[in-house]
């Protein structure tokens, strides 16, 4: 993936965002070319001076002050015990702000909080042009172009692959976020997690962008800069005095319960914070 | 003769790498690093698949229960092994298994290579111990040479048998059904088939696509990375005296009654249906999804998401009209890729 990113990055340097979007149309063809470029890269002598720095982005989730772990018990804002079985979401179009045009350094990735180490994916690293960046932004979900990709044209390792378990057969688009779990409605210590919570969001209108316009980052050639993006999972279900009652409003596949899908997406977008 | 490194080659030629022709519109199939497809490996696997030498009394082969003319199922509710003992699970169709992450109804094997070691020693299937099977193959007039061609050694062992069988099974790919051709704009669906397709996709109606996944065009979700998304309880039972399904492997009661989602490709050829072959026809399957789904604690939430008032013990009422049922059936019958039963490369080499 990092080769793709660095390649797109190089090309996008001198292009406007508009052109960059056009270019994504041919991303399929590029994937093949990139497979080759990866081959050549690995033949390069290793003593060359690195020309790029590395940005490592970590998504850190907590609930009730603890790291979020699927299968562990947490309590919602309304005091309901819940456990999660699945939690994954797309982030896309990660851009860094500098004096020039914003620089798109990541097309899209699927963040997955699985406890299975083989598929857990809560952080990624990108090769970035050295320099001082004043901030960044990213999309939660996929943009309207990405949302219409054909999953069969991507390898099983791609976030766009059908194996990601996100593709949505009803509309031939992607689900942006999948939250699955259950609530213990009785909360009598018997561990009776019977009420399902299923939040699958999709649709172009739920693609939301989060801007961090004033977060200065220094990227140095050959060095790694870490960006921690933290969020409290419980905040997905409240904002101000507007709290979602998971006891009565716990299932959405977007088309059947748009308000819940919208609230959770909006709250999620607002829940992101930059950590240390 | 010299190879690229200028070293003299005295060994027999390497097996010939084989590139699987994937029908347009299907995803690429990952191949295991230590068992890539080769012409010789596939040929050996095909022979082993059809050879009765691998059963105790030499009366059964894999193909006895996985028949090409039945899209590699056997058409029976339960299959009978060589000792006349009947199993209690329906033989599964061998189609597109190279994309799957779990094998068997309860998912107890994770690779074809591991799966292929099971049927030979299984007392209700071929009932021949591996040491005996290996001795037989080793003493055979043809096999040592065929193993040499495929794997570079005349020494037969069970791992190599499993590898060859797996290579052959990975080549059995379905992706040229009427439905696939429709998606490729090569043909049209008639009105009933099209209505059935929309019903199949519609989350407020059939919602079959949630598990029999469409994006991959494989009509199963067993290629998904997250295991939480790959097994489902589709409401056949609310108590599980005979089969716990996935729970047999995970020992987690939340997994009771969850089974691997079978592909619906060639479903018109693989009756009877479900893990215990309880339904003889697709009509019966449709009746099940229409009003037979039993609500239980481990019932998949996709099955009840539009029915928040259902209680444990209830049955779901989808309320499909006779026309809608006929449309759904018409759509299911567009999923047949007849090359599976006609392709000579999948037939017996004997």
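Worth a mention:
- Members of region B:244-256 that are part of a loop (DSSP other than H, G, I, E, B) and surrounded by fewer than 19 Cβ atoms within 10 Å (Cβ to Cβ): B:251, B:252
- Condition met for residue B:226 (without any contact (Cβ under 8 Å) to a residue 12 or more places away in the chain, in contact with a strand residue (DSSP E or B) (Cβ under 9 Å, 6 or more places away or on another chain) and within 9 Å of another protein chain (Cβ to nearest Cβ)): yes
- Whichever residue in region B:257-276 is in a loop (DSSP other than H, G, I, E, B) and out of contact with any strand residue (DSSP E or B) (no Cβ under 7 Å at 6 or more places or on another chain) and, among such residues, is surrounded by the most Cβ atoms within 10 Å (Cβ to Cβ): B:265
- Scanning region B:229-243 for residues that are assigned to a loop (DSSP other than H, G, I, E, B) and touching a residue at least 60 places away in the same chain (Cβ under 8 Å) yields B:230, B:233, B:234, B:235, B:238, B:242, B:243.
- Of all residues making up region B:194-223, the number that are surrounded by fewer than 21 Cβ atoms within 10 Å (Cβ to Cβ) and more than 18 Å from residue B:289 (Cβ to Cβ): 1
- Condition check for residue A:153: in contact with a strand residue (DSSP E or B) (Cβ under 8 Å, 6 or more places away or on another chain) and in contact (Cβ under 8 Å) with a residue 40 or more places away in the chain: no
- In region B:102-110, the condition of being modelled with pLDDT of 95 or more, touching a strand residue (DSSP E or B) at 6+ places or on another chain (Cβ under 8 Å) and in a helix (DSSP H, G or I) is met by no residue.
- Selection status of residue A:244, surrounded by 16 or more Cβ atoms within 10 Å (Cβ to Cβ) and farther than 30 Å from residue B:298 by Cβ: no
- Failed item in (1) in contact (Cβ under 8 Å) with a residue 40 or more places away in the chain; (2) in a helix (DSSP H, G or I), with residue B:198 passing the rest: (1)
- Residue selection: residue B:27 fails the criterion of being more than 15 Å from the chain's Cα centre (by Cα), within 14 Å of another protein chain (Cβ to nearest Cβ), surrounded by fewer than 17 Cβ atoms within 10 Å (Cβ to Cβ) and outside any helix (DSSP H, G or I).
- Any strands (runs of 3 or more DSSP E) falling wholly within region A:166-276 and containing at least 3 residues that are free of Cβ contacts under 8 Å to residues at least 60 places away in the same chain: A:193-202
- Selection status of residue A:140, more than 10 Å from chain B (Cβ to nearest Cβ) and touching a helix residue (DSSP H, G or I) at 6+ places or on another chain (Cβ under 7 Å): yes
- For region B:319-341, a residue qualifies if it is in a loop (DSSP other than H, G, I, E, B) and surrounded by fewer than 20 Cβ atoms within 10 Å (Cβ to Cβ), and the qualifying residues are B:319, B:320, B:321, B:338.
- Restricting region B:143-158 to residues that are farther than 14 Å from residue B:54 by Cα and touching a residue at least 40 places away in the same chain (Cβ under 8 Å), the residue that is surrounded by the fewest Cβ atoms within 10 Å (Cβ to Cβ): B:152
- Qualifying residue in region B:154-165 (condition: modelled with pLDDT of 95 or more and either out of contact with any helix residue (DSSP H, G or I) (no Cβ under 9 Å at 6 or more places or on another chain) or within 11 Å of chain A (Cβ to nearest Cβ) (or both)): no
- For residue A:114: the one exception among (1) part of a loop (DSSP other than H, G, I, E, B); (2) within 18 Å of residue A:137 (Cβ to Cβ): (2)
- Boolean, residue B:302 is over 25 Å from residue B:170 (Cα atoms) and part of a helix (DSSP H, G or I): yes
- Residue in region A:96-112 that is within 14 Å of chain B (Cβ to nearest Cβ) and touching a helix residue (DSSP H, G or I) at 6+ places or on another chain (Cβ under 8 Å) present: yes
- Being facing another protein chain (nearest Cβ under 10 Å) and over 15 Å from the mean Cα position of the chain (by Cα) holds for only one residue in B:210, B:232, and it is B:210.
- Screening residue B:69 against (1) within 27 Å of residue B:139 (Cα to Cα); (2) assigned to a helix (DSSP H, G or I) leaves a single unmet condition, (1).
- A count restricted to region A:204-214 and to residues that are at pLDDT 95 or above and more than 15 Å from the chain's Cα centre (by Cα) stands at 3.
- Answer residue from region A:172-195, given it is at the interface with chain B (Cβ under 8 Å from one of its Cβ atoms) and surrounded by fewer than 19 Cβ atoms within 10 Å (Cβ to Cβ) and is nearest to residue B:206 (Cα to Cα) among those: A:172
- Note on region A:153-163: residues that are crowded, with 21+ Cβ neighbours inside 10 Å and within 9 Å of chain B (Cβ to nearest Cβ) amount to 3.
- Qualifying positions in region A:78-90 - away from chain B (no Cβ under 14 Å) and closer than 15 Å to residue A:167 by Cα: A:90
- Candidates A:166, A:115: the one that is touching a helix residue (DSSP H, G or I) at 6+ places or on another chain (Cβ under 9 Å) and within 14 Å of chain B (Cβ to nearest Cβ) is A:166.
The values are calculated or read from the model by the stated rules, or taken from the named source; none is laboratory data. Please read all numbers here as calculations on a predicted model, not as lab measurements. Backbone-built Cβ (ideal geometry, glycine too); neighbour counts: all protein chains shown.
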